[in-house]
Amino acid sequence: MSSRVTTPAAVGAGRRGAKPRRRPPILLGALAGLVVAAMALPLIYLVVRSLEGGWEPVAEVVLDGDTLAVLGRSALLAGVVTAASVAVSVPLAWLTSRTDLPGRRAWAVLAALPLVIPSYVGGFVLVSVLGPRGMLQGWLEPLGVERLPEIYGFPGAALALTLFSYPYVFLTVRGALRGMDPAMEEAARSLGSGAWETFLRVTLPQLRPGIVAGALLVALYALSDFGVVSILQYESFSNEIYIQYRSAFDRTPAAILALMLVALTVAVLLVEGRTRGRARYHGNAASRPAPRVPLGRWRWPALLFCAAVVLLALAAPVGVLAFWLVRGLAEGEPLRPLWNAAWSSVYASGLAAAVTALAALPVAILSVRFGGRISGFVEKTTYLGYALPGIVLALSLVFFGANYAPWAYQTLGLLVFAYTVHFLPQAVGASRSALLQVRPSVEEAARGLGRGPVRVAATITAPLAGSGVVAGAALVFLTTMKELPATLLLGPTGFETLATRIWGATGDAFFARAAAPALLLIGISAVPLYLLVIRERAK
Amino acid sequence: MLALTILIAAGCGEPPPQGGDGGGGDSGGGDSGGGNGSETTGETTAQEALKPGEGSLVVYSGRSEELVGPIFEQFEERSGVDVQVRYGDTAELAATILEEGENSPADLFFAQDPGALGALDDEGRLTKLPDDILGKVPSRFKADDGDWVGTSGRARVVAYNTEELEEGDLPDSIFDFTDPKWKGRIGWAPTNGSFQAFVTALRVLEGEDRAQQWLEGIQANDPFVYPDNLSAVEGVASGEVQVAFVNHYYLFQVKEERGDDLPAANYYLEGGDPGALVLAAGAGVLDTAENPEAGQEFLEFALSEEAQQYFADETYEYPLVEGVEINDELPPLSGTQGPEVDLSNLDDLGGTLELLQETGVL
């Protein structure tokens, strides 16, 4: 049982045992190549549009002092949101998976749920609750509170983005904690290390890949999100890009700005590459659960912490939506049927989840099993679509679809393709972590016993890593459910999802009409999320 | 929440995947006449007006389904034309049409504001409308070249909080809001198309320097920046700000949801003040339209008494066709109100954006 293999192998230097690196099979390479080609489409579009007017406008935009300042503001926002998300998620994940916290399973589900709240809904709700004259102020008015401090600008944007994106880190860290074999921690304790020292020196390093993977998703999300920054009035880079599209109708400056955002993304990826660390932890796929740490008198502060996070990130938005719904119904607003929109949402998101999980596989296998510069490059490119604001990605596919693939344009197929390009890294990350926990020696043993590579993949790797792949698909499902710009521009004409229904209603002050689809969206998304967390438990 | 989920699971069996693969049919190429064949022909026999080839109309609508969906439905019923609508943000749809180029599936573009129509017109993407359509609308609410036409009017107003202010507290001109006494009390939405059209009007009517002074003056009063008109009106109602420069109808939309006792009202600046500009939502037929006749037919319908009355009653907008009664909650757009600006003269959006950026508003 103690045969855990901890292999600090340099990425690219093959696995332990100094065997020469195998060449990836041609089929695998070809599939990964296809994925990279798909990822390159938005970039090609951006380059074409940027250079439309020659180099002069490019220089003008890039060298503008204001542009650089806004880029800095975005980087700051992403940095703070990422740090805050890690700070919230690591204790939450640890409390809900390693301690005797009362109701820890329920807390785990509740703490993951804010992920399903669309940022355009969450940001709006946050303002109506915490705004200077919002609901909270209304409750405090009897106490003489006339106005709450401003939440607009940096603090509000950072708070909102943290609240609705920290679950990325929470989920990956929780996954890592549960997949971890407790043997090393036990060894450390038996050798005389204290609980805290063990956590810092043994547990935390093993969590690092999980933290970094989640943090990367949070950081890039914070860079590309538009909903929160526009509602909370923070002049970020994505906001700048939207302003160009929304008011200027001049696509060249917008494309140049988007390319600069891509450059910032590449910088983030380079940082991530350094922090991810070189260590690889191949877990024992059949590891036993770790013993629970008794919290003792720390139980109450721990509960308070969980409750505070859940209250702000989940209970407040859901409560406000329910309030809007009830208020609207009281004003005589009819509840309109949402079945079509709900079904379209589930159907499109389900397809996107399946396609994306499949597309992620060759990339993840290449990266985990073969390593090397090229595999690393392939994996990194999958993040580019994720880091682009939705409208940029959507317009790039409008351009390619209408002009080069008119037969596919405005079909569900192209929409699913857009979702895949957008959300691929979520699935790649989950599949990578799952594959990392399958020891290559098991696969090698099977190969050694005469099984072909495909059969090994089907009979050994897939069952062991399968649940991680499903987890990635679930994550893609959840984010696709709330996707808006691509759905509006690329969906079949008349295609209606819950997200488009929410959008259509909020644009014209019909909060009651927006509340019903928003609550339904959250309700439906909660199901796969619940299964995701429960699955971990059963492991 | 769980109950909803269960409901949904139960409901899933019935409806077919909307759009689904069928979406391929209404894309790209010219498969007009496909789709709801039997239904359409059934109604066609009843409709003598329908000419052959008028099977379907693809609309890109920057106006939301909540507001204009019923108009499309009525048109579909009347004409037998199968209407397919893509709803989205006006500017994003304009950008989409530009990206689509020659292969745009859209026949008609229905926009929130003249700015987006002007942008498409500048790129030569709209076609001239027949005179009988153009003739229905006063000349300032349509393109000079006849390439787009306004369908309903919206007035720029000052929304104010009725608990903090009375109508008498409000000044006569938009320029008076640069007075330092308004510091911290103003809300606006500078990314909004109507706001930008207003700034363009300010430049046209008062000159660049005055426009710049106004923007700088308001900037100096630390205005609250809202992402759209709607949040600005919400901000007025909650007392976050005391006044906001918005379009007139948002107030009624908020009231419809929140009840009439909302502490907010509209104030119309008078005497031809640029702050009382009247804008229009409008539409144009695309140069790449497969079915321009159906697009024109729709515009005729949108300017019919029935549709104009719908805009007046349901969306609280000003009808642009004579003889249609305005909503009784609205003051009449008499000749004294609002400046006489030709909306097609408000096409220098680029200059406005430059000014907005120069003054740090954007």
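The values are calculated or read from the model by the stated rules, or taken from the named source; none is laboratory data. This structure is a prediction, so every number in the text was calculated from the model and none was measured. In this analysis, Cβ positions are derived from the backbone assuming ideal geometry, glycine residues included, and neighbour counts consider all displayed protein chains.
The set of residues from region B:140-185 being within 14 Å of chain A (Cβ to nearest Cβ) and either out of contact with any Leu (no Cβ under 8 Å at 6 or more places or on another chain) or acidic (Asp, Glu) (or both) comprises B:Asn161, B:Glu163, B:Glu164, B:Gly184, B:Arg185.
The residue list A:Ser74, A:Ser50, A:Ser89, A:Ser85 contains one member that is within 24 Å of the chain's Cα centre (by Cα), assigned to a helix (DSSP H, G or I), farther than 30 Å from A:Pro517 by Cα and away from chain B (no Cβ under 12 Å), which is A:Ser74.
Only residues that are in a strand (DSSP E or B) and free of Cβ contacts under 8 Å to residues at least 60 places away in the same chain were counted across region B:105-145, and they come to 0.
Report, ordered by the first and then the second residue, all pairs with beta carbons closer than 7 Å, sequence separation of six or more or different chains, a first member in region A:400-418 that is more than 8 Å from chain B (Cβ to nearest Cβ) and in contact (Cβ under 8 Å) with a residue 40 or more places away in the chain, and a second member that is β-branched (Val, Ile, Thr) and surrounded by 24 or more Cβ atoms within 10 Å (Cβ to Cβ). Close Cβ pairs (under 7 Å, with a partner that is β-branched (Val, Ile, Thr) and surrounded by 24 or more Cβ atoms within 10 Å (Cβ to Cβ)) amount to A:Leu415/A:Thr487. The helices (runs of 4 or more DSSP H) falling completely within region B:285-362 that include 2 or more residues that are crowded, with 23+ Cβ neighbours inside 10 Å and either on the phi > 0 side of the Ramachandran plot or within 13 Å of chain A (Cβ to nearest Cβ) (or both) map to B:349-358. Taking the numbered list (1) surrounded by fewer than 20 Cβ atoms within 10 Å (Cβ to Cβ); (2) at pLDDT 90 or above in turn, A:Val88 passes all entries but (1). A residue that is at pLDDT 90 or above, within 18 Å of the chain's Cα centre (by Cα) and hydroxyl-bearing (Ser, Thr, Tyr) cannot be found anywhere in region A:110-126. Scanning region A:122-158 for residues that are hydrophobic (A, V, I, L, M, F, W, C) and part of a loop (DSSP other than H, G, I, E, B), we see that the one that is nearest to A:Val229 (Cα to Cα) is A:Ile151. Quick check on B:Leu93: is it touching a Leu at 6+ places or on another chain (Cβ under 7 Å), touching a residue at least 12 places away in the same chain (Cβ under 8 Å), closer than 30 Å to A:Pro406 by Cβ and crowded, with 24+ Cβ neighbours inside 10 Å? Here the answer is no, as B:Leu93 does not meet what is asked. Of the set (1) at positive phi; (2) touching a Ser or Thr at 6+ places or on another chain (Cβ under 6 Å), all apply to A:Gly372 but (2).
Here A:Gly131 meets the list (1) of a type in the set (Gly, Ala, Ser); (2) farther than 20 Å from A:Ser238 by Cβ; (3) surrounded by fewer than 20 Cβ atoms within 10 Å (Cβ to Cβ) almost entirely, failing just condition (3). Suppose we filter region B:114-139 for residues that are more than 14 Å from chain A (Cβ to nearest Cβ) and either of a type outside the set (Gly, Ala, Ser) or surrounded by 23 or more Cβ atoms within 10 Å (Cβ to Cβ) (or both); how many remain? Total satisfying the criteria: 11.
When restricted to residues that are at the interface with chain B (Cβ under 10 Å from one of its Cβ atoms), among the polar types (S, T, N, Q) and buried (at least 24 other Cβ atoms within 10 Å of the Cβ), region A:477-534 contains 3. Identify the residue in region B:232-278 that is crowded, with 24+ Cβ neighbours inside 10 Å and among the charged types (D, E, K, R) and, among all such residues, is farthest from the other protein chains (Cβ to nearest Cβ). The extreme case among them is B:Glu234. What's the number of the condition A:Val212 fails, among (1) within 30 Å of A:Leu46 (Cα to Cα); (2) in contact with an Asp or Glu (Cβ under 8 Å, 6 or more places away or on another chain); (3) within 14 Å of chain B (Cβ to nearest Cβ)? It is condition (3) that A:Val212 fails. What do you reckon, is B:Ala111 closer than 18 Å to B:Asn192 by Cα and more than 9 Å from chain A (Cβ to nearest Cβ)? Considered against the rule, which asks whether it is closer than 18 Å to B:Asn192 by Cα and more than 9 Å from chain A (Cβ to nearest Cβ), B:Ala111 comes out as yes. Considering region A:176-262, the qualifying helices (runs of 4 or more DSSP H), each wholly inside and each with 1 or more residues that are touching a Ser or Thr at 6+ places or on another chain (Cβ under 8 Å), run over A:183-190, A:204-224, A:227-231, A:237-243. Only helices (runs of 4 or more DSSP H) whose full extent lies in region B:195-268 are considered here, and the ones with at least 2 residues that are under 27 Å from A:Phe226 (Cα atoms), within 18 Å of the chain's Cα centre (by Cα) and touching a residue at least 60 places away in the same chain (Cβ under 8 Å) are B:229-238, B:250-258. Comparison of A:Leu412, A:Leu436 shows that the only residue that is within 29 Å of A:Thr497 (Cβ to Cβ) and not aromatic (Phe, Trp, Tyr) is A:Leu412. Scoring A:Glu483 on the criteria (1) over 18 Å from A:Leu361 (Cβ atoms); (2) at pLDDT below 90; (3) among the acidic types (Asp, Glu) leaves a single failure, condition (2). The lone criterion from (1) out of contact with any Lys or Arg (no Cβ under 6 Å at 6 or more places or on another chain); (2) facing another protein chain (nearest Cβ under 7 Å); (3) in contact (Cβ under 8 Å) with a residue 40 or more places away in the chain; (4) not aromatic (Phe, Trp, Tyr) left unmet by B:Glu66 is number (3). Against the list (1) within 14 Å of chain A (Cβ to nearest Cβ); (2) out of contact with any strand residue (DSSP E or B) (no Cβ under 8 Å at 6 or more places or on another chain); (3) buried (at least 24 other Cβ atoms within 10 Å of the Cβ), the condition B:Asn229 fails is (2). Residues that are farther than 18 Å from A:Leu521 by Cβ and either more than 10 Å from every other protein chain (Cβ to nearest Cβ) or not in a loop (DSSP other than H, G, I, E, B) (or both) within region A:333-359 comprise A:Pro334, A:Ala354, A:Val355, A:Thr356, A:Ala357, A:Leu358, A:Ala359, listed in sequence order.
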